[in-house]
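The values are calculated or read from the model by the stated rules, or taken from the named source; none is laboratory data. Computed from a predicted model, the values in this text were never measured in an experiment. We place every Cβ from the backbone using ideal geometry, glycine too, and count neighbours over all the protein chains shown.
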Amino acid sequence: MPGERETFGAVELATCLSHYDLGVIRDIREFARGSRRAPKLVIEGERGVFLFKRRTRGKDDLHKVAFTHKIQLHLAGQNFPLPHLIGTRPDNNSMLVLNQRIYEMFEYVVGSSYGGSLQETTSAGKILGLFHKLLSEFHSDYAPPKASYHDASVIHEAIGNTITSLPLEGRPESDVLTRTINYLEQAYRLCAEQANKLGISQWPMQIVHGDWHPGNMLFRDNYVVAVIDYDTARLQQRVLDLANGAIQFSIIGGGEDPSAWPEYLDESRLKRFIRGYDSGNVITRDEIRVCPYLMCEAMIAEAVLPIAATGSFGRMAGFPFLQMIARKVKWATENAERLQAMLEE
């Protein structure tokens, strides 16, 4: 049935596990998180607890996977908090390729989801700073993608496409819809212009995570104990990662009705995230100044891409979500100078 989670076949699993030295296997159970198209299992063996995964089609380009593994192995060698890749036997390969499918084995890290505390937020910022520092000189023969949410033609296009993607049922009056879409387009363009005026295109580029948000981290005792999901790693200015993380850790939601979400950000968490980063990887004044504008671009991009494709944002109706984003962007742009001053303190 559509939406059912994919599973491993018995022969497939036995064949795969024969390539790993886990010792006597004591328990195997489904790990029902993440993409339903990528089956995962928690395996308790004599030599530890592991997470085994088959990559979904579309995310199994051999060269891209090898690139992300090289990043993870580089970070693991410098004690960065992440689930370590487990090599195959006898060649200690970080991936297993069988029948044109790619499999991965990781150590299983015990942790909890983000609870919203200021200490967790500071830790998330500090670990991002460490991530960037450890990868500042990282090089690979693989040419990573460079696309971003900043001043991107695909985002401009998606903003316009939201008009036709929204379902007819519940569609607002055309003038209300047009005003909202026009505002988002104008705000996205103006924020991009502000970032460009600060010279962002001339700043050095490096490998960034590309999706730094609470769902890609595990916490324990208010500290990040593991960063996961390196598939979005790319070559960009580090501030694009910083600004996206800043909005992800300071945005305030509130239930299934986005019209009830407040327009303001959690300024305490925003400040803690930036300070956490700066404590180990100094942020420049221009990076601070550009952050509010990039945060707005990131909010708009994350909203319009799925809504342009499906008419909704997850389980939430598309237009109320767009209206909520418009309110948040308006607040952030009107308070940009104050936020800059606060973050420079």
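Go through Tyr114, Tyr103, Tyr183 for me and flag whichever is surrounded by 12 or more Cβ atoms within 10 Å (Cβ to Cβ), outside any loop (DSSP other than H, G, I, E, B), of a type outside the set (A, V, I, L, M, F, W, C) and not assigned by TED's automatic domain parsing to the domain that holds Asp211.
The conditions single out Tyr103.
Hey, among Lys53, Lys64, Lys59, which residue is under 28 Å from the mean Cα position of the chain (by Cα), at pLDDT below 95 and closer than 14 Å to Met95 by Cβ?
Of the residues listed, the single one that is under 28 Å from the mean Cα position of the chain (by Cα), at pLDDT below 95 and closer than 14 Å to Met95 by Cβ is Lys59.
Give segment 276-294 a look and list any residue that's assigned to a helix (DSSP H, G or I), surrounded by fewer than 23 Cβ atoms within 10 Å (Cβ to Cβ) and of a type outside the set (Asp, Glu), or say none.
Across segment 276-294, the qualifying residues are Arg285, Ile288, Arg289.
Just to be sure I understand the filter: pairs with C-beta atoms under 6 Å, separated by 6 or more residues or on different chains, first member in segment 126-142 and farther than 21 Å from Ala66 by Cα, second member of a type in the set (Gly, Ala, Ser) and in a loop (DSSP other than H, G, I, E, B). Which pairs pass?
From residues that are farther than 21 Å from Ala66 by Cα, the pairs are Lys126/Ser279; Lys126/Gly280; Gly129/Gly280; Leu130/Gly280.
Tell me, which residue of segment 251-294 that is free of Cβ contacts under 8 Å to residues at least 60 places away in the same chain and of a type in the set (Gly, Ala, Ser) is nearest to Leu118 (Cα to Cα)?
Per the criteria, the residue is Gly253.
Of all the residues that make up segment 226-250, how many are charged (D, E, K, R) and without any contact (Cβ under 8 Å) to a residue 40 or more places away in the chain?
So the answer is 1.
Among the residues of segment 28-61, how many are within 15 Å of Phe8 (Cβ to Cβ), out of contact with any Cys (no Cβ under 9 Å at 6 or more places or on another chain) and part of a strand (DSSP E or B)?
Matching residues across segment 28-61 total 10.
Being of a type in the set (Ser, Thr, Tyr), within 28 Å of Ala246 (Cα to Cα), in contact with a Lys or Arg (Cβ under 9 Å, 6 or more places away or on another chain) and not assigned by TED's automatic domain parsing to the domain that holds Ser250 narrows it down to one residue among Ser35, Ser136; which is it?
Of the residues listed, the single one that is of a type in the set (Ser, Thr, Tyr), within 28 Å of Ala246 (Cα to Cα), in contact with a Lys or Arg (Cβ under 9 Å, 6 or more places away or on another chain) and not assigned by TED's automatic domain parsing to the domain that holds Ser250 is Ser35.
Out of the residues in segment 186-220 that are more than 23 Å from Leu270 (Cβ to Cβ), without any contact (Cβ under 8 Å) to a residue 60 or more places away in the chain and not in a helix (DSSP H, G or I), which is nearest to the chain's Cα centre (by Cα)?
So the residue we want is Met205.
So which residues in segment 174-227 are touching a strand residue (DSSP E or B) at 6+ places or on another chain (Cβ under 7 Å) and at positive phi, if there are any at all?
Result: Gly210, single match.
Of all residues in segment 311-345 being outside any helix (DSSP H, G or I) and among the small types (Gly, Ala, Ser), which is farthest from Pro172 (Cα to Cα)?
It comes out as Gly314.
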